[in-house]
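Scroll down for the structure; my scribbles are underneath it.
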Number of protein chains: 2
Amino acid sequence: MKPRGRRKTQQERTADTTLKLLNATIALLHDRGLYRMSTSDIAEAAGVSRGALTHHFSSKEEIIAAAVSHQLRNATAGLHKMAEGIRQSGGTSDEIVDYLWRMMKDRLFYVTMEYLPEARHNAEFRTAIIPVVKEFHAGLNSVWAELAGQVGVEVEHALVLMNATMCLIRGMIAQSATRDDPAYFDALLDFWKEQMRREFMLKNDEFPAGAGEPKQSLAALEISAARLRHQGATKGR
Amino acid sequence: MKPRGRRKTQQERTADTTLKLLNATIALLHDRGLYRMSTSDIAEAAGVSRGALTHHFSSKEEIIAAAVSHQLRNATAGLHKMAEGIRQSGGTSDEIVDYLWRMMKDRLFYVTMEYLPEARHNAEFRTAIIPVVKEFHAGLNSVWAELAGQVGVEVEHALVLMNATMCLIRGMIAQSATRDDPAYFDALLDFWKEQMRREFMLKNDEFPAGAGEPKQSLAALEISAARLRHQGATKGR
DNA sequence: AATTACAAACAAACAAGTCTGTTTGTTTGT
DNA sequence: ACAAACAAACAGACTTGTTTGTTTGTAATT
């Protein structure tokens, strides 16, 4: 695709170099951490000079923000692709939870944890990445809304479930920094998948898709009963 | 208790100075972040000389680890106190979720996010804090197990619920760095409280308290919850 | 009880290294 | 030829750990 030995156009040169730099930045963020890496390290890892780096990015903050945006955009693209997959050939909540877990675990949230403190203490940096973060969430919404539409759950509720799922995953990965215990996290994830299955099943029964008969399973009945009982009991508070 | 203007013994001097240093360290971790603060800043904030700091702590890493341990131990003490409150006068899952949320939001997890990258990239630091983290989790277990025993839920399952709750809270606070939206987080927390209520209710029905006393009335639960709320509100520093 | 001897706590300046942003010089593309 | 892309040298600003000197508490001795 790319001309092999041929000369590159200026645009190509810029694109190549910046891409190498951004990928190297993400790798270093993950492997060494934001404060254990220098711009020299980035240039070295990218295989370019530090002059090249400073030519394209005028500050460390800027290249970090660019790299983070780059990574988030990639993740967003993946999410939309997944939403498309669900639209065309369906998908289960289990699969989505697994996908999100893998996506976050595959460096995304580790990198996020590296720059979150920076976002918290550096207003400029924060405002620089917030738009991309919002794009990312729009991607998440697509996936979840797609599943909701497929199963017939209210979109509002589906979004709550999605956000809870994401927060849970974030917290799990955060904890994994001080707890090396894959079995523990697997168990937690299994628990959550079951929760999501039940949520979608339950809602599916309450709002039957299409002309389907409102068939409630025994388990669902018990759950609804318990829920109603509790709601009624606590309303007086 | 402490002699007012009188001379202090060496032990008292050490205790006072180190405490001032540790508190200042936590405050700076929260306000400025691990990498935006220097040991000079710590000494200044504590109102002692940098020489005093280096006398008690031989490296920045060491004082950070000590401060984190200090904070975690305090939190652990609070958890055990709460477990005791539940043992004596009961408590609801709602109240516990609220307590954990407040505890984490009150600097605990913000500080944690500051040193998590360090824990991830610095093996010595990690091994230094892991024992205290484990103590902390033991404290969490106490609280949750107490509630489980009270309501008749299997302890195993209760621990899963507790861990999920903690991970959810972690993830929410992490997200709060790039999303300033209290209503959103309130909604998420409300959703979760409802989940926990249902979990405990449901399990309570599945495993009715054997030959023991009939389970506490909701009114009684509410009363003890109010007590806990008050305790939690006044225990903070 | 007072003086002296010693150790711990503290203060302040120092030395060494690192990192960032800038500047100056060279190559490559248009 | 001109400008963009790149390379490399440089200067300034921290930060950390160390060192040197001073004060405060404790214990021994007389």
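The alpha-carbon atoms of the stretch A:8-58 define a convex hull whose volume equals 64 cubic angstrom per residue.
Oblate is the label for the stretch A:150-193, because the ratio a/c of its alpha-carbon gyration tensor axes (a ≥ b ≥ c) is 1.5 or higher and a/b is not greater than b/c. In the stretch B:66-157, the C-alpha radius of gyration followed by the widest Cα-Cα span (Dmax) gives 14.5, 44 angstrom. Note on the stretch B:16-56 and the stretch A:92-164: Cα centroid distance 36 Å, given to the nearest whole angstrom.
The loop-placed GluC sites (Glu not before Pro) in the stretch B:113-157, going by DSSP, that have at most 14 neighbouring Cβ atoms within 10 Å of their Cβ come out as B:Glu154. Along the stretch A:186-193 the Karplus relation, 6.51 cos²θ - 1.76 cosθ + 1.60 evaluated at θ = phi - 60°, assigns HN-Hα couplings of 4, 4, 4, 5, 4, 3, 5, 4 Hz to successive residues, with x for each Gly and Pro.
Counting neighbouring beta carbons within 10 Å and listing from fewest to most, the residues A:Met37, A:Met172 come out as A:Met37, A:Met172. Taking the three principal axes of the alpha carbon atoms in the stretch A:72-119, the coordinate ranges are 40, 20, 14 Å, sorted in descending order. Peptide A:172-183 is shielded by partner chain Cβ atoms: per residue, an average of 5 of them sit within 10 Å of its Cβ. Between identical copies, the spacing of A:Lys60 label points, each set 7 Å from Cα toward the C-beta atom, reads 1.1 nm from nearest to farthest. When the Cα gyration tensor is reduced to axis lengths a ≥ b ≥ c, the ratio a/c is 1.5 or higher for the stretch A:14-110, and with a/b above b/c it is classed as prolate.
Rounded to 0.05, the FRET efficiency of the B:His157 and B:Ile130 pair, given R0 = 35 Å and the Cβ-Cβ distance, is 0.85.
Ranked from shortest, the separations from the 7 Å Cα-to-Cβ label point of A:Asp190 to its equivalents in the other copies are 3.4 nm.
Taking one equal scatterer on every alpha-carbon of the stretch B:104-191, how large is log10 of I(q)/I(0) by Debye at q = 0.23 1/Å? Those come out to -1.17, one per q. Take B:Asp16, push a point 7 Å out from Cα through the beta-carbon direction, and compare it with the same point in every other copy: 6.7 nm, smallest first.
No lab work stands behind these numbers, since they all come straight from the coordinates. What you are looking at is a predicted structure, and each value in this text was computed from that prediction instead of being measured. Glycine gets a Cβ as well: all are built from the backbone with ideal geometry, and neighbour counts include every protein chain shown.
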